[in-house]
Structures are given as C-alpha cells and as structure tokens.
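Colleague: Supplied in structure tokens, the structure appears directly below.
The values are calculated or read from the model by the stated rules, or taken from the named source; none is laboratory data. Nothing here was measured: the structure is a model prediction, and the numbers come from that model. For neighbour counting, all protein chains shown are included, and Cβ atoms are generated from backbone atoms with ideal geometry for every residue, glycine included.
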Amino acid sequence: MDTPKPPVIYSADPVVIARPADSKVSKNRIAIAMSIAVISDLLGFFVSFAPPLEWALDFVTAFLLFLVLGRQWLILPGLIAEAIPGVAIFPAWILVVASIAVWGHIKPVRPKV
C-alpha cells in the first residue's frame, strides 16, 4: 500500500519542489558525493590554467554528483559558480554537497488559512 505524498503548493514566494520524507539522501551517498567534491575542487586548483580542462572537470563532477545524489537541482548553481572566472577558486562543489547534506530540498511554504 502506497503512502500518500504531501501535495506541492505553489505560491508567489520562491519555492523549490517538496521532497517526500522517504527520499532523503543516505549518509553513504553524502560521503561519496563529498569525496567526489573534494577531489574535484583539488584537481580544479591544478587545472585552472587550462579552461577547457576545468570545464570538462566541472561537467564530469556535476554529472557524477547528479548520479550519486539523484535529481538535485541544487547542483546547478555549483556548476554556474564554477563557470564564472575567479569564483572557481572557492570550493564550490564542497559547499554544494554540504548544503544538500544539511538542508536537502527546500520545503514548500504552506499558506496560512
């Protein structure tokens, strides 16, 4: 018997699609994703002299994180941040995985009735 999922409510406030309680990312997947992010940020420091190599590394990292963490649209801002020159010196991938580990999806705002 399937449990009913909570409805997604759209409002004028910026809201991200709700995540059902049973689809939480496991600690093992977070650990794998964090290791991918650390390796990518370390390699990104050394390939920063060659933008095509850096772009390839960022696309591969985003793809691997998408595979490990599932449909996480929070990965997209990390990819955008890595594409901006000068911002790539910050550990963007580590911050993306840490934010997913701490917050996950942003829960929808329920209107007050």
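Colleague: For residues that are in contact with a Leu (Cβ under 9 Å, 6 or more places away or on another chain) and in contact (Cβ under 8 Å) with a residue 12 or more places away in the chain, tally how many sit in region 35-53.
Modeller: 5
Colleague: May I ask you to list the residues in region 34-54 that are hydrophobic (A, V, I, L, M, F, W, C) and either modelled with pLDDT of 90 or more or surrounded by 14 or more Cβ atoms within 10 Å (Cβ to Cβ) (or both)?
Modeller: Correct list: Met34, Ile36, Ala37, Val38, Ile39, Leu42, Leu43, Val47, Leu53.
Colleague: Now, a different point. Just for region 55-113: of the residues that are polar (S, T, N, Q) and at pLDDT 85 or above, which one is nearest to the chain's Cα centre (by Cα)?
Modeller: For region 55-113, the residue satisfying everything is Ser99.
Colleague: Hey, another quick one. Collect the residues in region 65-107 that are without any contact (Cβ under 8 Å) to a residue 60 or more places away in the chain, assigned to a helix (DSSP H, G or I) and surrounded by fewer than 18 Cβ atoms within 10 Å (Cβ to Cβ), keeping them in residue-number order.
Modeller: Within region 65-107, the first condition is being without any contact (Cβ under 8 Å) to a residue 60 or more places away in the chain, and the residues that meet it are 65-93, 95-96, 99, 102-103.
From what is left, the residues that are assigned to a helix (DSSP H, G or I) are 65-69, 75-83, 87-89, 92-93, 95-96, 99, 102.
Matches in region 65-107: Phe66, Leu67, Leu76, Pro77, Ile80, Ala81, Ala83, Val87, Ile89, Leu95, Ser99, Val102.
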